[in-house]
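A.B. asks: Right, I'll just put the structure down here and ask away after.
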Amino acid sequence: MPTPHHPSIAVRRALRKLGQDIHDARRRRGLPAEVVAERAFTTRPTLRRIEQGDHSVGMGIYAAVLQALGLLDGLEQVADPSNDTVGLALSSEALPERVRLRRRKATNDAG
């Protein structure tokens, strides 16, 4: 049996916002929950849990719902290196101060 996961308040807050945004996007498109659930190959109760930001729903189901709403492209950008300001700053700090060319070993061409 898996260990229960208790996400931080920041994670729960982010998932609640994502769920509310998904709910709003579905309503803006005029799509009933049944249609979105069917397109995402899930059930209406699972879609309801997603729209409430339930952390126990798998990321794959969240992605399927985003795809059903035409919003999957945004998910691809979440951890994109060009959007990772902390990672870019850390890698910049790790750059060497000087770069030198390595000398090649002399080869004996006495042929």
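A.B. asks: Please arrange LEU88, LEU47, LEU15 by accessible surface area, largest first, computed with a 1.4 Å probe and ligands excluded.
C.D. replies: Order by accessible area, largest first: LEU88, LEU15, LEU47.
A.B. asks: Follow-up. Stokes-Einstein D for the chain at 4 °C, 1.567 mPa s, Kirkwood Rh over Cα pairs, in µm²/s?
C.D. replies: 73 µm²/s
A.B. asks: Rounded to a whole number, what % of the accessible area of the chain do carbon and sulfur atoms account for, probe 1.4 Å?
C.D. replies: 55 percent
A.B. asks: Just by accessible area at a 1.4 angstrom probe, what is the order of VAL36, VAL11 from largest to smallest?
C.D. replies: The ranking, largest first, comes out as VAL11, VAL36.
A.B. asks: While we're here: What figure in square angstrom, to the nearest 10, would you give for the accessible area of ARG13 with a 1.4 Å probe?
C.D. replies: Approximately 140 Å² of ARG13 is accessible to the 1.4 Å probe.
A.B. asks: Helix by helix, which DSSP H runs in the chain go 27 Å or more along their axis at the Cα atoms and have an average Kyte-Doolittle hydropathy of -1.0 or more?
C.D. replies: Length and hydropathy pass: 9-28.
A.B. asks: Heavy-atom accessible area per residue, the chain, 1.4 Å probe: how many Å²?
C.D. replies: I get 83 Å² per residue for the chain.
A.B. asks: While we're on this one: Roughly how many nanometres apart are two label points built 7 Å out from the Cα toward the Cβ at LEU75 and VAL35?
C.D. replies: My value for the distance between the label points is 2.0 nm.
The values are calculated or read from the model by the stated rules, or taken from the named source; none is laboratory data. Predicted, not measured: the structure shown is a model, and the values here were computed from it. Here Cβ is always computed from backbone atoms with ideal geometry, including for glycine, and neighbour counts include all displayed protein chains. Heads up: the accessible areas ignore ligands, DNA and RNA and are worked out on the full protein's heavy atoms, side chains in. Shrake-Rupley method; radii C 1.70, N 1.55, O 1.52, S 1.80 Å.
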